[in-house]
Amino acid sequence: MVGDGARWLIARATELALDDPAVDSVLAVYSRYYEAHAIDATRPMPGVNHTLAQLAALPLAVCTNKPRPTTELVLGGLGLAHCFDIVVAAGDLPKLKPDCIILTNIFRD
């Protein structure tokens, strides 16, 4: 059910067409809940904090298919926001990862 973003998740779980207006209603409820509980059960994988500390001198980026509000809540709530120079989240670009548009936009300057 996962892997293509929340809209697809909702459509699959409810067995509604992706463009069904009811998906928007369910998605709104889902998004509010997810933002309110973004880090309830989320923790960095073992070794991540140490690895990020070791890489601190390098420019680091996060690319996620999570919406920006949720991404910022997760990174901030886990104390990791300061580790990244660039954060690319769902909605920032016209396509989601793994599309290469992300790399061309991150490294264009």
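The values are calculated or read from the model by the stated rules, or taken from the named source; none is laboratory data. Computed from a prediction, not measured in an experiment: that's the story for all the values here. As a convention, Cβ positions derive from the backbone with ideal geometry for all residues, glycine included, and neighbour counts pool all protein chains shown. Please note that ligands, DNA and RNA were not included when accessible areas were found on the heavy atoms of the full protein model with its side chains. Shrake-Rupley method; radii C 1.70, N 1.55, O 1.52, S 1.80 Å.
Key figures
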{"quantity": "Residues Lys95 and Gln54, FRET efficiency given R0 of 35 Å [Cβ-Cβ distance, rounded to 0.05]", "calculated": "0.65"}
{"quantity": "Solvent exposure, largest accessible area first (probe 1.4 Å, DNA, RNA and ligands not counted), of Ile101, Ile10", "calculated": "Ile101, Ile10"}
{"quantity": "Size of electric dipole in the range 10-100: Cβ of Lys, Arg +1 and of Asp, Glu -1, about Cα centre, debye, nearest 20", "calculated": "280 debye"}
{"quantity": "Heavy atoms of Thr51 accessible to a 1.4 Å probe, total area in Å² rounded to 10", "calculated": "70 Å²"}
{"quantity": "Relative intensity, log₁₀ I(q)/I(0), of the range 1-101 from a Debye sum that treats every alpha carbon as a point, q = 0.11, 0.16, 0.18 Å⁻¹", "calculated": "-0.40, -0.80, -0.96"}
{"quantity": "Which of His50, His82 is most accessible, then next, and so on - probe 1.4 Å", "calculated": "His82, His50"}
{"quantity": "Ser25-His82 FRET efficiency (beta carbon distance; Förster radius 35 Å; 0.05 resolution)", "calculated": "0.45"}
{"quantity": "Interchain or long-range residues, amide H under 5 Å from Lys66's placed H", "calculated": "Ala90"}
{"quantity": "Probe 1.4 Å, protein heavy atoms only - accessible area per residue of the chain in square angstrom", "calculated": "69 Å²"}
{"quantity": "GNM result for the chain, Cα springs below 10 Å: residue of Ala90, Ala57, Ala22 fluctuating most strongly", "calculated": "Ala57"}
{"quantity": "Rounded percent of accessible protein surface that carbon and sulfur make up, the range 31-109, 1.4 Å probe", "calculated": "61 percent"}
{"quantity": "Ranked order, Glu35, Glu72 - accessible area, probe 1.4 Å, largest first", "calculated": "Glu72, Glu35"}
